[in-house]
């Protein structure tokens, strides 16, 4: 099949985040235009997080071999890090095989996505200095999975209600 088209990469990254959000008991709203640097807004227990999703079949890693790097355009970076956002901004990167025909395996009983995802908190990030892109580090320990979404939603809660608040108190 060859290298995937960018629309295929966009679609698989959105399918990935929808599957992960479902597993984490969160709902997803996607935007048909990401003028605010957001592809998807996730909601759980009245808390929101926003994701700019990217997809790569040619991942670049730091020398440690465990940290994915992604060059995000500065305009999107600035939108995701803005201090007055009502929902914290994150970058999600889904890594897929080069051959799009291998992204999914399915039969009558199962559907398996052959990809992995990672996230980086962009909210409150430092100002980008020079250049048109900002290099973002996404450690493999920051998997875009239900545990990672728990961390994101906890950050959203702490940002709104302070570091000493308990989630049950604010929602009750």
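Bear in mind these aren't lab numbers, they're just calculated from the coordinates by the rules spelled out. Predicted model only: the values in this text are computed from it and were never measured. Counting neighbours? That spans all protein chains shown, and the Cβs are built from the backbone with ideal geometry, glycine included.
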(Q) If neighbour count is taken as other Cβ atoms inside 10 Å, put 57, 153 in order from fewest to most. (A) 57, 153
Q | Identified option (computed mean projected area of the Cα convex hull in nm²; candidates (i) 12.3; (ii) 10.5; (iii) 11.8) | A | (iii)
Q: Find how many whole Å separate the alpha carbon centroid of region 9-63 from the alpha carbon centroid of region 81-152.
A: 7 Å
Q) If contacts are Cα pairs under 8 angstrom and at least 6 residues apart, what is the relative contact order of the chain in percent? A) 24 percent
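Fewest to most neighbouring Cβ within 10 Å: what's the order for 147, 17?
Working: 147 12, 17 24.
Starting with the residue having the fewest Cβ neighbours, the order is 147, 17.
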Q) Would you list 53, 152 from fewest to most Cβ contacts within 10 Å? A) 53, 152
Q) Angle between the Cα long axis of helix 6-23 and the longest principal axis of the chain, 0 to 90 degrees, nearest 10? A) 50 degrees
Q. So what's the angle, to the nearest 10 degrees on a 0 to 90 scale, between helix 146-161 and the longest Cα principal axis of the chain?
A. 30 degrees
